[in-house]
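The values are calculated or read from the model by the stated rules, or taken from the named source; none is laboratory data. All values reported here derive from a predicted model rather than from experimental measurement. Cβ sites come from the backbone with ideal geometry, for glycine too, and all protein chains shown count toward neighbours.
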There are 2 protein chains.
Amino acid sequence: MVEPRYQRRKEDRPQEISEAAFEVFAAKGYAASRVDEVAKRAGVSKGLLYLYFKTKEELFKAVIKSVVTRRVDALLLAVEETELSSEAFMRGPLLDFMKQIPRSPVAVVVRLLIAEGQRHPDLVDYYWDNVVSKGLTVIARFVERGVERGEFRDTAVRELPQLVLAPMMLSMIWRMLFTKHELDTDKLMDTHIEMILAYIKA
Amino acid sequence: MVEPRYQRRKEDRPQEISEAAFEVFAAKGYAASRVDEVAKRAGVSKGLLYLYFKTKEELFKAVIKSVVTRRVDALLLAVEETELSSEAFMRGPLLDFMKQIPRSPVAVVVRLLIAEGQRHPDLVDYYWDNVVSKGLTVIARFVERGVERGEFRDTAVRELPQLVLAPMMLSMIWRMLFTKHELDTDKLMDTHIEMILAYIKA
DNA sequence: ATACTTACTGACCCAACGGTCATTAAGAGA
DNA sequence: TCTCTTAATGACCGTTGGGTCAGTAAGTAT
């Protein structure tokens with residue numbers, strides 16, 4: 001009985017290669033990653049990789065997009081469908097969301113974008129359209145609804161949803177760089193939400 | 001009269017090369033920057049560059065350090081020497097500082113660190129020791145002083161100075177990535193300081 | 001003037017890497 | 001079982017770019 005040298009698995013290859021690429025890019029950044037290494041980690045020859053992805057750059061873009069696309073719309077739905085009060089929603093689902101993101105692959109994507117964004121403006125656009133813009137809109141709409149319901153005062157937070165997310169960004173950066181100096185990012189965000197609520201509550 | 005082909009300026013070269021390198025690294029990131037281009041921009045041959053810097057990596061480190069070292073201690077002094085009330089200091093010098101940083105070369109350094117930090121842990125350590133750690137200590141001490149004077153309540157902000165700086169971080173990232181979608185970062189920080197003060201004022 | 005030191009140049013080296021393609025063999029269909 | 005399609009391989013190629021070093025000439029000392 002002869003072990004076959006490889007199997008043909010046309011369906012699974014792109015996904016497998018993309019996942020391997022994510023790991024390598026995450027560890028080394030785009031420029032320092034080697035296509036050979038991606039192929040090796042995917043258990044595939046370099047030639048095959050180039051059968052599914054035209055260039056290294058296209059592979060990079062595909063990776064970013066696949067990570068982003070998978071996990072965006074959960075929160076967006078939650079806001080629209082929740083029956084919680086605005087305050088309870090902020091303390092609950094929104095806060096949880098903010099705590100999760102810095103630990104998720106999204107953080108890696110953000111790092112890659114910061115590093116390579118200047119050279120891949122179309123990627124930044126994509127990320128803007130599919131993540132940032134959506135997220136900000138949702139938060140803005142959520143705050144507006146609070147105002148309409150008389151739960152919140154009409155403050156600058158209404159037009160600056162970034163205020164809500166700022167400590168999430170800081171936590172992401174912190175975890176990327178200063179792992180050895182630990183920071184209680186959960187408490188950071190707890191306190192921040194507390195502070196915002198105290199500021200905007202009617 | 002013969003124009004000399006070059007001048008010997010042993011004293012100035014390292015500085016000039018380092019400045020050129022900063023520009024190139026800022027524009028392209030470390031990996032995508034070419035030593036030849038740095039040399040060209042510094043008006044110098046590649047060989048000379050290698051006379052002053054052993055490797056590209058050493059050049060990178062020297063650049064980061066020179067940018068950082070130059071502009072750190074101003075704020076630190078200001079806190080110790082100010083005669084303003086804690087609230088006035090936050091609304092004044094501290095707020096100004098936070099508004100300036102995202103527009104300064106420090107922002108570039110942060111981007112380079114985020115991009116390359118994993119591969120240069122000693123650089124991250126250096127940045128931690130000389131910038132982040134100092135900055136946080138100063139803010140923490142400042143808040144503590146406010147508490148001691150009875151101007152501030154004793155809140156979590158005391159042990160989480162990151163709370164104060166979070167919107168500054170977000171503004172830095174924003175300016176790096178989303179230049180085309182403008183954000184009023186000054187207003188962002190104004191509002192944030194407003195919010196913190198409302199939260200911690202006695 | 002002359003001899004000497006050394007800052008500076010730029011042609012060169014070679015390993016590494018992105019990308020190609022002739023060849024192989026897995027697996028489906030008849 | 002034979003044929004045919006095409007997924008997959010891996011040796012190979014051209015270029016790029018970090019790093020070197022023999023040679024040159026700017027400046028200095030005598």
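Points to keep in mind about this one:
- Residues in segment A:190-202 that are free of Cβ contacts under 8 Å to residues at least 24 places away in the same chain and surrounded by fewer than 18 Cβ atoms within 10 Å (Cβ to Cβ): A:194, A:198.
- Residue A:27 fulfils the conditions (1) touching a residue at least 12 places away in the same chain (Cβ under 8 Å); (2) within 14 Å of chain B (Cβ to nearest Cβ) except for a single criterion, (1).
- Here is the figure for segment B:1-20: residues that are farther than 23 Å from residue B:107 by Cα and away from DNA strand C (no atom under 12 Å from the Cβ) total 3.
- Here residue A:23 meets the list (1) within 10 Å of DNA strand C (Cβ to nearest atom); (2) under 21 Å from residue A:117 (Cα atoms); (3) modelled with pLDDT of 95 or more almost entirely, failing just condition (1).
- Candidate set from segment B:9-24 (those that are surrounded by 16 or more Cβ atoms within 10 Å (Cβ to Cβ) and of a type outside the set (Asp, Glu)); member that is nearest to the other protein chains (Cβ to nearest Cβ): B:24
- Residue that is nearest to residue B:123 (Cα to Cα), among those in segment A:169-189 that are facing chain B (nearest Cβ under 9 Å) and surrounded by fewer than 18 Cβ atoms within 10 Å (Cβ to Cβ): A:178
- Count of residues meeting criterion [near DNA strand C (Cβ under 10 Å from one of its atoms) and either assigned to a helix (DSSP H, G or I) or touching a helix residue (DSSP H, G or I) at 6+ places or on another chain (Cβ under 6 Å) (or both)] in segment A:46-69: 12
- Conditions (1) more than 22 Å from residue A:132 (Cα to Cα); (2) away from DNA strand D (no atom under 12 Å from the Cβ): number failed by residue A:6: (2)
- Residues that are out of contact with any strand residue (DSSP E or B) (no Cβ under 9 Å at 6 or more places or on another chain) and either surrounded by fewer than 18 Cβ atoms within 10 Å (Cβ to Cβ) or in contact (Cβ under 8 Å) with a residue 12 or more places away in the chain (or both) within segment A:155-168 comprise A:155, A:156, A:157, A:159, A:161, A:162, A:163, A:164, A:165, A:166, A:167, A:168, listed in sequence order.
- Leading residue by the ranking (modelled with the highest pLDDT) among those in segment B:49-68 that are more than 29 Å from residue A:25 (Cβ to Cβ) and more than 8 Å from DNA strand D (Cβ to nearest atom): B:52
- For segment B:125-134, filtering for residues that are in contact with a helix residue (DSSP H, G or I) (Cβ under 7 Å, 6 or more places away or on another chain) and either modelled with pLDDT of 95 or more or crowded, with 17+ Cβ neighbours inside 10 Å (or both) leaves 3.
- When we screen B:112, B:49, B:59 for residues that are among the aliphatic types (A, V, I, L, M), under 20 Å from residue B:172 (Cβ atoms) and surrounded by 14 or more Cβ atoms within 10 Å (Cβ to Cβ), the only hit is B:112.
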